[in-house]
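See below for the structure under consideration.
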Amino acid sequence: MNDELGERIKKNIIRGKSFYFALRIVNLYKYLQTNKKFVLSKQILRSGTQWFVNLNTQKAGLILFINKENYNSLNDKLIEIQKLLSAIITT
């Protein structure tokens, strides 16, 4: 990681969390590749790292203007989807 990116990550919690999430996605991608899940791994890599890429190219500048009410609503929906996906995976 270059110094400029490192400094931007330290100063911005969204950027930092997105960066570490993207790193975890890359590790998941590598794991799936070793288990020959090629199509799934490529899709996860693209979708899981896109958020961080967008933040760093300023395409997602709008996210900085989301208010707490909208954030909570989106977060509730994401938690609901996460629970559904977890239920599907475990059954």
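The values are calculated or read from the model by the stated rules, or taken from the named source; none is laboratory data. Note that the structure is a prediction, hence the values are computed from the model and not measured. Don't worry about glycine lacking a Cβ; one is built from the backbone with ideal geometry, like all the others, and counts go over all protein chains shown.
Within the range 8-35, being modelled with pLDDT under 75 and either under 18 Å from Val53 (Cβ atoms) or surrounded by 12 or more Cβ atoms within 10 Å (Cβ to Cβ) (or both) holds for Arg8, Ile9, Asn12, Ile14, Arg15. Applying the criterion of being at pLDDT 80 or above and hydrophobic (A, V, I, L, M, F, W, C) to the residues of the range 36-77, the residue that is surrounded by the most Cβ atoms within 10 Å (Cβ to Cβ) is Leu45.
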